[in-house]
Amino acid sequence: MLTANFHDKLVTLLKTDVRFVDATGELIIATVRNHAWQLEQGLITLLMSDKEIEQKFFNDINGRWVFNYNTFITYISQKNFFGNSYTRFRNKIGLNCDDKYLSQCGDVALVWPYKDCVLEGGQTREEETRQELFFNEYLAEDEISCLFHPKVLTGWKRHTDVDGKSVSDIKRDADGTIRENLLIKGNNLLVLHSLKQQFYGKVKLIYIDAPYNTGNDSFQYNDSFTRSTWLTFMKNRLEVARGLLKKDGFLMVQIDNRELAYLKCLCDEVFGIDNFRNGIIVKKGQKNLQKQFDFIDKLNAGYDTILYYSKDSTVKIPNLFKSLESRRTSSWNNHWRGTNRPTMRFELFGIAPEMGQWRWAKERTLKAVHNYKTLIAYIQKQEIAEDVLTDERIDEYYREYMRENSILENSDFELVRLSKNGTPEHYIPATDKILMSENWMDINVAGRQSAFEHEKNEAILERILGWLTGNDNIILDFFAGSATTAAVAHKMNRQWIAVEQMDYVETIAVERLKKVIAAEPGGISKSMNWQGGGNFLYCELMPYNQTYMNKIEAADSSEELVRLWHNIAAGAFLNWYVNPEVPEDAVGDFIAIGQTENGLHKQKQLLMELLDKNQLYVNLSEIEDADFGISEEDKRLNKAFYT
């Protein structure tokens, strides 16, 4: 019979081996488990050093003690052992804030189940309804390390015209930074970790159009996570993305109002609340609004929000002013607010505003100026000396004029007081500056340069990139979709990296970017005087188990899935608890499941559960393993990319 303090005795004994404890002196359960699976002599000797522990985990067979590793692993993995021995972690899982217990944190924290875990799942529709697997960062350190290891890249092509060409080299600058536009296919979390070595601290701007988590999207994408899963999904990606940013880098995340509040709190934690710079409002297209009215019985805000963060709170936001080439008076027929486009600049009477925006619309302003001139003409008729026309006296004559002409003060007789040089006095005269419009709502967020339904308007990205980046900067979008960010960056002579997991990356993103190289006239091409040119590299994470995942998704019959099951058992990396054999009676049960309601979907989920998701793609460390059949060309290009 076990003593009351057996758990504590076992933990204390295991902690005497320095291999099993972390820097804080806490037990690393994953390491202990791995040594048990390997029947490691040191662990066995340690467990046999205590008589009570020996009797629990060893069997006496003909006078010899044999280690029952199944009993040991089951015991240390069970909930009670975890709860009694890991009170610190039990309080921490899902309830931590800046590496402190929630009770020790003086700030408001957004908490949810599995917050301090890594979501194993991906983004495909077949993974949408299956029970997701989470790796806890304290209990599954080895699994996470394997998951985040750089992956082998394959399928290399350089697109300079219609057809992709083989890649001979990877261009770098004098500092060793890769200077190539990159379009990478694969799970974006794993791609981000694969990019760390080469692009850590080098990206100027990250723009992402995150999954909105609405469940309404028609494209092949998992956009209906539960909120807890969605938050874990986003947190995993934002954390690694932050490390890729330069010290003076910026993040912009576009989202609608369903998850806006939660995402704002999450970004505050990851980037720091002091680094939140603004929320920029952009309006939705009519089609987007109608679809949401059809599905959601709620009032629609009619806009998306772009959350805007800096990596460092001391970084100054670039101003929104553009230098004028001269002080020549521009036409009032141009846009009344002024923008960053030369054809839409203007000055009022030769003087431009220093800061702020015009208080009224153009027509109203013109009328108010006219009214002011009418008032001055009235005063001059009374032969009042100009040098006594102080502000107070003008106000007096204004009220007198209103009374004499029976004009009510709440009428449309508005005026803008002008200084003696003819400039509205509520602006400070400037000689070389003009305001760029900050009215983001004047651009519809929806665009149409491809067949991608949720494509963003190039004008939105042009405004963002023109404001925050220069020609030598790197732009990253790891929810590439139809590659709007990449297309705009390319036309604006910025280096870009785009990541997309779905198969439409080849039919939509690649094709769109090839058209950009060929000088397609749409989007911002006219305003940028885009003449075409440039190139980009395309590559993919080399799939292993992901190949089987794709085949499972594409299968359309139970018979096909049974054949896949045999292939998976023979050639895939299976979860450690899966028997690689395919018993005939199990096949019968499997076929029977396929005959139930939604049977094919259930069968696909069952087969996906067999696969070890740590082996979806080939790790770079296994590039010389002959079992993966990696070509010499891929080996050469991976070496060129990673070193």
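Under the rule a/c < 1.5 gives rounded, and otherwise a/b versus b/c splits prolate from oblate, where does the stretch 522-643 land using the Cα gyration tensor? The partial results should precede the final answer.
On the way: a/c = 3.87, a/b = 1.66, b/c = 2.34.
Cα axes put the stretch 522-643 in the oblate bin.
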For the stretch 477-548, which whole percent of the accessible surface, found with a 1.4 angstrom probe, sits on carbon and sulfur atoms? 49 percent
Difference of contour (0.36 nm per residue) and Cα-Cα distance, H370 to R403: 10.0 nm
Label model pair I394, K526: point-to-point distance (7 angstrom along the Cα→beta-carbon line) in nm is 4.1 nm
Indicate the gyration tensor shape class of the stretch 3-42 (rounded, prolate or oblate), computed on the Cα atoms with a ≥ b ≥ c the square roots of the eigenvalues: a/c under 1.5 is rounded; otherwise a/b larger than b/c is prolate and the rest oblate. oblate
Contour minus end-to-end for V18 and D163, with contour as 0.36 nm per residue of separation and end-to-end as the Cα-Cα distance? 46.5 nm
Distance cut-off 27 Å, Cα to Cα: go down the list K491/K635; K247/K526; K235/K311 and report the pairs above it. K491/K635; K247/K526
Phi angles of the stretch 588-594, converted by Karplus (6.51 cos²θ - 1.76 cosθ + 1.60, θ = phi - 60°) into ³J(HN,Hα) in whole Hz with x for Gly and Pro, give x, 4, 4, 5, 5, 4, x
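On full extension of the chain, what length is gained from T596 through V582, given 0.36 nm per residue of separation minus the C-alpha to C-alpha distance?
On the way: separation 14, 0.36 × 14 = 5.04 nm, distance 2.12 nm.
Extra length from T596 to V582 when fully extended: 2.9 nm.
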Taking R0 as 45 Å, what's the FRET efficiency between E506 and V315 from their Cβ-Cβ distance, rounded to 0.05? 0.75
In debye to the nearest 20, the charge dipole size for the stretch 1-65, taken about the Cα centre with +1 at each Lys and Arg Cβ and -1 at each Asp and Glu Cβ, equals 100 debye
Percent of all Cα-Cα pairs per 10 Å bin for the stretch 544-605, counting from 0 up to the last occupied bin, reads 21, 56, 22, 0
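The values are calculated or read from the model by the stated rules, or taken from the named source; none is laboratory data. Please read these numbers as outputs of a predicted model, since none were measured by experiment. Note that each Cβ is placed from the backbone with ideal geometry, even for glycine, and that neighbours are counted across all protein chains shown. With ligands, DNA and RNA removed, areas are computed over all heavy atoms of the protein, side chains included. Shrake-Rupley method; radii C 1.70, N 1.55, O 1.52, S 1.80 Å.
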